[in-house]
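The values are calculated or read from the model by the stated rules, or taken from the named source; none is laboratory data. Quantities reported herein were computed from a predicted structural model and do not represent experimental measurements. Cβ: placed from backbone, ideal geometry, glycine included. Neighbour counts: every protein chain shown. Keep in mind that these areas ignore ligands, DNA and RNA; they rest on the heavy atoms of the full protein, side chains included. Shrake-Rupley method; radii C 1.70, N 1.55, O 1.52, S 1.80 Å.
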Amino acid sequence: MENIAQLKEDLYDILVSVSSREDCKILLDDLCTNKEVEQMAQRAYAAKLFLEGKTYAQITEEIDISSATLSRVSRCINYGGGGYAKFVKRDV
């Protein structure tokens, strides 16, 4: 079996090959459970709200997300690789 690093590289190649919203939906529906997709959507939305300057309290008032997940999203925004800032659209 290939090592996990190579498997992750293969997954990244699959993800960058997606060229439409419909293809993305089809892939995520096969790759993830509905709950996993919902959780990723919540994280992305929480990141959007953080990037717009919303507080923890405002975000938890707007969406049902655990404080641990919200804290992780905040850490990723502040100390992560910049993915949220680069790819999550803001309404600001």
- [ ] Mind grabbing the base-10 log of I(q)/I(0) for the range 31-79 at q = 0.14, 0.18, 0.23 Å⁻¹? Debye formula, identical points on the C-alpha positions, no solvent, two decimal places.
- [x] -0.31, -0.51, -0.79
Open item on the list: Translational diffusion coefficient of the range 1-90 at 25 °C, 0.890 mPa s, Stokes-Einstein with Kirkwood Rh over Cα pairs, in µm²/s as a whole number.
Closed with: 167 µm²/s
Open item on the list: To check my understanding: the extent here is largest minus smallest coordinate of the Cα atoms along each principal axis. What are those three numbers for the range 3-43, in Å, largest first?
Closed with: 29, 21, 17
Task: Solvent-accessible area per residue for the chain (1.4 angstrom probe, square angstrom) - done: 77 Å²
- [ ] Using a 1.4 Å probe and ignoring any ligands, DNA or RNA, find the accessible area of Thr55 and quote it in Å² to the nearest 10.
- [x] 70 Å²
Task: Solvent exposure, largest accessible area first (probe 1.4 Å, DNA, RNA and ligands not counted), of Ser20, Ser67, Ser74 - done: Ser67, Ser20, Ser74
- [ ] Towards the positive end of the charge dipole of the range 3-74, with charges on Cβ (+1 Lys, Arg; -1 Asp, Glu), say which of Leu31, Asn3, Ser71 has the farthest Cα.
- [x] Ser71
TODO: Tally up the carbon and sulfur contribution to the accessible surface of the chain as a whole percent, 1.4 Å probe, everything protein left in place.
DONE: 53 percent
- [ ] Using DSSP to define loop residues, name the GluC sites (Glu not before Pro) in the range 1-64 whose beta-carbon has at most 10 other beta-carbon atoms within 10 Å.
- [x] Glu2
Task: Candidate lysines - alpha carbon under 16 Å from Lys89, same-chain residues fewer than 8 apart omitted - done: Lys48, Lys54
- [ ] Rounded to the nearest Å, what's the spacing between the alpha carbon centres of the range 2-40 and the range 44-92? Just the number, please.
- [x] 21 Å
